[in-house]
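Asks: Okay, here's the structure, questions in a sec.
The values are calculated or read from the model by the stated rules, or taken from the named source; none is laboratory data. As the structure is a prediction and not an experimental result, all values here were calculated from the model. Glycine gets a Cβ as well: all are built from the backbone with ideal geometry, and neighbour counts include every protein chain shown. Just the protein is used for accessible areas: all its heavy atoms, side chains included, with ligands, DNA and RNA removed. Shrake-Rupley method; radii C 1.70, N 1.55, O 1.52, S 1.80 Å.
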2 protein chains.
Amino acid sequence: MKPLRIERAFTLIEPGPVVLVTTRDGDRDNVMTISWTMVVDFTPVFALTTGPWNYSYAALRKSRECVIAIPTVDLIDRVVDVGTCSGRETDKFAKFGLTRRKGRRVRAPLIEECLANIECRVIDIVARHSIVVLKGLAAWSNPSRKEKRTLHAVGDGRFVVDGRRLDRRRMMRSKLPEGV
Amino acid sequence: MKPLRIERAFTLIEPGPVVLVTTRDGDRDNVMTISWTMVVDFTPVFALTTGPWNYSYAALRKSRECVIAIPTVDLIDRVVDVGTCSGRETDKFAKFGLTRRKGRRVRAPLIEECLANIECRVIDIVARHSIVVLKGLAAWSNPSRKEKRTLHAVGDGRFVVDGRRLDRRRMMRSKLPEGV
């Protein structure tokens with residue numbers, strides 16, 4: 001995997017794709033599917049919503065680290081499988097054939113099959129809303145992937161795939177952060 | 001506009017589209033473009049990130065209300081225009097030809113040109129992260145719109161348009177909330 005400039009990492013989350021979030025609790029890795037994420041700052045800071053009902057939440061609280069991995073449309077069935085079973089009973093990496101790679105800044109694993117991965121530190125938990133606030137530390141892309149279209153969950157069991165791209169960089173120049 | 005069941009309102013935000021957020025401060029309406037949103041609960045509860053640098057933030061804090069409107073791809077230039085000027089100097093509804101409609105639960109206006117609108121109450125502001133937490137009170141769809149494809153901001157001046165839809169309702173049945 002190839003390093004991605006951290007100034008551009010927010011552009012992976014801003015379009016609102018379904019993501020996989022990996023955690024490491026002691027010597028045990030886990031992964032969950034999450035759609036409830038947002039950018040909070042360009043630096044980058046991200047928020048995601050989860051909570052005690054989710055097995056990964058304990059690992060997030062304890063380790064204060066995770067990796068956000070961006071899957072593409074060809075991984076849809078694995079994304080759904082990861083999201084519909086619990087790491088409490090299942091080693092999801094083995095069961096669903098996801099390949100772990102070591103990151104540089106956190107102990108939670110990167111996922112090789114994904115388009116990109118962001119290593120993150122938990123900087124805050126807003127417990128009353130189960131909102132976890134993350135600082136992105138390092139980002140990686142997988143340049144060997146031909147498929148680059150991500151998935152957007154509707155929330156009713158349907159997904160929207162990325163379609164065409166429209167360029168409004170000229171109109172938006174004044175509002176774009178440095179380095180993007 | 002046609003009422004939309006509030007149990008389904010989260011499915012408008014979960015895919016991560018760019019949205020327009022309207023506010024009403026005294027007798028003055030304003031609208032901003034926002035991409036930093038997420039679902040926090042199915043009931044529905046939403047979060048968005050904004051802050052004191054944004055003119056709408058004062059109206060959100062003061063009125064404790066807003067409307068989230070979902071624009072489609074044909075509105076891209078208006079979405080960018082709304083996002084690149086400030087309501088401090090501009091009446092954006094007049095300037096960009098957006099039609100206001102009265103909602104039922106809040107004083108901030110619905111936008112007729114949009115695919116759907118969600119009337120919201122501010123239930124919390126997490127000031128240390130500029131995260132505003134909203135409860136959805138009522139939702140509306142515009143059934144006369146033929147164009148239903150929404151926009152996803154990449155954050156660098158480019159946008160991704162909704163592409164094809166994939167159905168995984170059967171695989172996900174056990175995880176879907178009631179009424180969806």
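Asks: With the structure loaded, tell me whether B:Phe159 is in contact (Cβ under 8 Å) with a residue 12 or more places away in the chain, within 13 Å of chain A (Cβ to nearest Cβ), aromatic (Phe, Trp, Tyr) and crowded, with 17+ Cβ neighbours inside 10 Å or whether it fails that test. Spell out the reasoning first.
Replies: Values: in contact (Cβ under 8 Å) with a residue 12 or more places away in the chain: yes; within 13 Å of chain A (Cβ to nearest Cβ): yes; aromatic (Phe, Trp, Tyr): yes; crowded, with 17+ Cβ neighbours inside 10 Å: yes.
So B:Phe159 passes the test.
Every residue, every condition in (1) within 13 Å of chain A (Cβ to nearest Cβ); (2) in contact (Cβ under 8 Å) with a residue 12 or more places away in the chain; (3) assigned to a loop (DSSP other than H, G, I, E, B); (4) surrounded by 23 or more Cβ atoms within 10 Å (Cβ to Cβ), yes or no:
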{"site": "B:Arg88", "(1), (2), (3), (4)": "no, yes, yes, no"}
{"site": "B:Ala94", "(1), (2), (3), (4)": "no, no, no, no"}
{"site": "B:Arg128", "(1), (2), (3), (4)": "yes, no, no, no"}
{"site": "B:Ala139", "(1), (2), (3), (4)": "no, yes, no, yes"}
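Asks: Checking the conditions here, which among B:Pro44, B:Pro15 is closer than 21 Å to B:Arg158 by Cβ, within 13 Å of chain A (Cβ to nearest Cβ) and in contact (Cβ under 8 Å) with a residue 12 or more places away in the chain?
Replies: Answer to the selection: B:Pro15.
Asks: What residue, of B:Arg121, B:Arg165, is assigned to a strand (DSSP E or B), facing chain A (nearest Cβ under 7 Å) and farther than 27 Å from A:Met172 by Cα?
Replies: Values: B:Arg121 fails: facing chain A (nearest Cβ under 7 Å).
That would be B:Arg165, the only listed residue that is assigned to a strand (DSSP E or B), facing chain A (nearest Cβ under 7 Å) and farther than 27 Å from A:Met172 by Cα.
Asks: Follow-up question, since we're still on this one. Out of all the residues in region B:59-86, which are open to solvent by 30 Å² or more (accessible area, probe 1.4 Å), away from chain A (no Cβ under 12 Å) and assigned to a helix (DSSP H, G or I)? Steps first, answer last, please.
Replies: Step one: list which residues in region B:59-86 are open to solvent by 30 Å² or more (accessible area, probe 1.4 Å), which gives B:61-65, B:74, B:77-78, B:81, B:84-86.
The next check asks that each one be away from chain A (no Cβ under 12 Å); those that pass are B:61-65.
Listed by number, the residues that qualify are B:Arg61, B:Lys62, B:Ser63.
Asks: With the requirement that a residue be among the small types (Gly, Ala, Ser) and either surrounded by fewer than 19 Cβ atoms within 10 Å (Cβ to Cβ) or not in a helix (DSSP H, G or I) (or both), what does region B:1-58 give you?
Replies: Within region B:1-58, the first condition is being among the small types (Gly, Ala, Ser), and the residues that meet it are B:9, B:16, B:26, B:35, B:47, B:51, B:56, B:58.
If the condition is that a residue be among the small types (Gly, Ala, Ser) and either surrounded by fewer than 19 Cβ atoms within 10 Å (Cβ to Cβ) or not in a helix (DSSP H, G or I) (or both), then B:Ala9, B:Gly16, B:Gly26, B:Ser35, B:Ala47, B:Gly51, B:Ala58 are the ones that fit.
Asks: Within region B:81-99, identify whether any single residue is touching a strand residue (DSSP E or B) at 6+ places or on another chain (Cβ under 9 Å) and within 18 Å of B:Leu4 (Cα to Cα), and answer yes or no.
Replies: No: region B:81-99 contains no residue that is touching a strand residue (DSSP E or B) at 6+ places or on another chain (Cβ under 9 Å) and within 18 Å of B:Leu4 (Cα to Cα).
Asks: Let me ask you something else. Looking only at residues in region A:143-156 that are under 16 Å from B:Val161 (Cβ atoms) and open to solvent by 40 Å² or more (accessible area, probe 1.4 Å), which one is nearest to the other protein chains (Cβ to nearest Cβ)?
Replies: Among residues in region A:143-156 that are under 16 Å from B:Val161 (Cβ atoms) and open to solvent by 40 Å² or more (accessible area, probe 1.4 Å), the one nearest to the other protein chains (Cβ to nearest Cβ) is A:Arg149.
Asks: When the residues of region B:21-36 are filtered to those that are farther than 20 Å from A:Ala47 by Cα and in contact with a strand residue (DSSP E or B) (Cβ under 9 Å, 6 or more places away or on another chain), which remaining residue is farthest from the other protein chains (Cβ to nearest Cβ)?
Replies: Of region B:21-36, the ones farther than 20 Å from A:Ala47 by Cα are B:22-32.
Going one step further and asking which of them are in contact with a strand residue (DSSP E or B) (Cβ under 9 Å, 6 or more places away or on another chain), we end up with B:22-24, B:29-32.
On the way: B:Thr22: 19, B:Thr23: 19, B:Arg24: 24, B:Asp29: 22, B:Asn30: 17, B:Val31: 16, B:Met32: 12 Å.
Filtering region B:21-36 for residues that are farther than 20 Å from A:Ala47 by Cα and in contact with a strand residue (DSSP E or B) (Cβ under 9 Å, 6 or more places away or on another chain), the one farthest from the other protein chains (Cβ to nearest Cβ) comes out as B:Arg24.
Asks: If B:Arg170 satisfies all but one of (1) at the interface with chain A (Cβ under 7 Å from one of its Cβ atoms); (2) without any contact (Cβ under 8 Å) to a residue 40 or more places away in the chain; (3) of a type outside the set (S, T, N, Q), what's the number of the condition it fails?
Replies: Unmet for B:Arg170, out of (1) at the interface with chain A (Cβ under 7 Å from one of its Cβ atoms); (2) without any contact (Cβ under 8 Å) to a residue 40 or more places away in the chain; (3) of a type outside the set (S, T, N, Q): (1).
Asks: Follow-up. Please verify whether region A:88-96 includes one or more residues that are at positive phi and out of contact with any Leu (no Cβ under 7 Å at 6 or more places or on another chain). First the steps, then the outcome.
Replies: Restricting attention to region A:88-96, the residues satisfying the condition of being at positive phi are none.
For region A:88-96, residues at positive phi and out of contact with any Leu (no Cβ under 7 Å at 6 or more places or on another chain): absent.
Asks: A further question follows. Within region A:116-126, work out how many residues are more than 27 Å from A:Thr99 (Cα to Cα) and open to solvent by less than 10 Å² (accessible area, probe 1.4 Å).
Replies: Going through region A:116-126 one residue at a time, the tally reaches 1.
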